[in-house]
Amino acid sequence: MKKKVAIIGVTGAVGQEFVQTLKNHPWFEVTQIAASERSAGKKYVEAISDPNSGIVSWEIGGEIPDYIKEMTVKNIDQIDVSQLDLVFSAVESVAAREIEAKFAADLPVISTSSAFRYEEDVPILIPGINDEHAELLEFQKKNRNWKGWIAPLPNCTTTGLAITLKPLYEKYGAKKVLMTSMQAISGAGRTPGVSAMNITDNIIPYIPNEEEKVRKETRKILGKLKDGKIEDADIRVSCTCTRVPVIDGHTESVFVETKQDIDPDKAKELYMESNKSISVAGLPSAPEEYYVFHEDPTRPQPRIEREVGGGMTTTIGRVEKEELFEHGLKYVLFSHNKKMGSAKGAVLLAEMLYKKGKI
Ligand SMILES: NC(=O)c1ccc[n+]([C@@H]2O[C@H](COP(=O)([O-])OP(=O)(O)OC[C@H]3O[C@@H](n4cnc5c(N)ncnc54)[C@H](OP(=O)(O)O)[C@@H]3O)[C@@H](O)[C@H]2O)c1
């Protein structure tokens, strides 16, 4: 029998992506959905329609899946936890603090928000990168006297960076990183999101709180779990996060200094080798190739890369030796913020935890 799941924040940018990803999922079935009081009591299709223009804001493209169209959106208090096995949460972090703790008292919660990411007994999980940190969920459960736990994904900008740094950190001792992001509009969500007047023909050079998140999260994700605690990785990250007029997918320009010598050929070999041992390979939402490495200097490009591996592949290109450092590389990466970076990544995480018997 399929596990019964709820999507909280189902009308939002990430919520819509959950709706799409969970359509005909082999292990999970969406049985309850919730959003804010603004949407509660409405049929899903009504809740995502603009009351003034009548435009249905289904941002995924294609048709809204039939299973959800007529489902009624609940408010948080109407969710019946006794009829659920798992909650996917996609609400902004202030609201998420209360909502996620309430559900975790009874159920496992997989979250795309930052509400609990920086707490000692909470891992920040990227399936395929730091699966072993999932053991911290047992400590969390005991610590907080909950029946469930909260497992957050990182910020969508950290995702691509941590994924590409992991093999470099382990094999070549990545120690300092400089990164500039070019982040998609959908990363800012729908409420209120980025206004068309601000982003069209423009670049916004500042995203509140984003850079601090990337710095802290990268160190935690690449860290080691020891005696119920994560020891941060010995890596320093400095970044500039910008918003650009691209609909979906974050591009990042990365400079990394390593302890050991590395060049583009070794990097290619490393990522291709890493592809062979990715833990989540074969799971329903996993891509065929976790890493794609391009020698064509015109890649990665968001319009091409966002389709690769169903949005779950991390693309690496423009790889060159960085002469500013004694040893190091520069490269450009692409990672899909709503697929690997949030909803579909959260479903892949659920699949990984299900296989481990944690759901
Ligand atoms: N967008 C991305 O690419 C991305 C990537 C990674 C992580 N995230 C994180 O994922 C979370 C969701 O982001 P988003 O971009 O999907 O935001 P969004 O488009 O603004 O959607 C927010 C959702 O939360 C609901 N909501 C707001 N307050 C609520 C409350 N008090 N109770 C119940 N539901 C409430 C909204 O419902 P209504 O429609 O009824 O207002 C909507 O469904 C955020 O924490 C964000 O930082 C986003």
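Bear in mind that the values in this text are calculations on the coordinates, not laboratory data. Everything numeric here is computed off the predicted structure, so don't read it as measured data. With ideal geometry, Cβ positions are generated from the backbone for all residues, glycine too; neighbour counts draw on all protein chains shown.
Within region 156-335, DSSP assigns beta bridges of which about 70% are antiparallel (rounded to the nearest 5). Under the simplified labelling scheme, the Asn202-Glu295 pair shows an inter-label distance of 4.2 nm, with each label point 7 Å from Cα along Cα→Cβ.
Where does region 117-205 land on Rg/Rh, using Cα atoms and the Kirkwood Rh?
Radius of gyration over Kirkwood radius for region 117-205 works out to 1.08.
Computed over the alpha carbons of the chain, Rg followed by Dmax gives 19.8, 61 Å. For region 90-130 and region 182-203, write down the distance between their C-alpha centroids in whole Å. Region 90-130 and region 182-203 have Cα centres spaced 25 Å from each other. Per-residue extension of 0.36 nm, minus the Cα-Cα distance of Glu59 and Lys3, leaves a gain of 17.5 nm for this segment. Taking every DSSP bridge with both residues inside the chain, close to 50 percent are antiparallel. Label-to-label distance for Glu120 and Arg38 is 3.8 nm, based on points extended 7 Å past Cα in the beta-carbon direction.
The angle between the Cα long axis of helix 210-221 and the main principal axis of the chain comes to about 80°, on a 0 to 90 degree scale.
Taking the Cα centre as origin and putting +1 on Lys and Arg beta-carbons and -1 on Asp and Glu beta-carbons, what dipole magnitude results for the chain, to the nearest 20 debye? Show your work: numbers first, answer last.
Working: 47 positive and 52 negative charges, 135 e Å.
The calculated dipole for the chain is roughly 640 debye.
For region 229-359, give the share of DSSP beta bridges that are antiparallel, in percent and rounded to the nearest 5; count only bridges with both residues there. Write down the numbers at each step before the final one.
On the way: 13 of 16 bridges.
Approximately 80 percent, going by the DSSP bridge assignments.
Three principal axis extents describe the C-alpha atoms of region 156-335; from largest down they are 46, 38, 31 Å.
Using only DSSP helix segments of four residues or longer, with each worth -39500 (n - 2.57), what per-residue ellipticity at 222 nm results for the chain after dividing by its residue count and rounding to 500? Walk me through the intermediate numbers first.
On the way: 11 runs with 101 residues, N = 359.
Theoretical 222 nm ellipticity from helices: -8000 deg cm²/dmol.
Between Ala281 and Glu29, the FRET efficiency from the beta-carbon distance, with R0 = 25 Å, is close to 0.55. Under the criterion of Cα pairs below 8 Å and six or more residues apart, the relative contact order for the chain equals 17 percent.
With the radius of gyration and the Kirkwood radius both derived from the Cα set of region 144-189, what is their ratio Rg to Rh?
On the way: Rg = 15.2 Å, Rh = 13.5 Å.
Result for region 144-189 is an Rg/Rh of 1.13.
The length gained by stretching the chain between Lys321 and Ser82 to full extension, at 0.36 nm per residue less their Cα-Cα distance, is 80.5 nm. Neighbours of Lys330 by Cβ distance under 9 Å: Lys/Arg scored +1, Asp/Glu scored -1, total 0.
Helix 156-172 and the long axis of the chain differ in direction by around 40°, with both axes built from C-alpha atoms.
Ser238: net charge of surrounding residues, Cβ under 10 Å, Lys/Arg +1, Asp/Glu -1, itself excluded?
Values: positive: Lys176, Arg215, Arg236; negative: Glu211.
Cβ neighbours under 10 Å give a net charge of +2.
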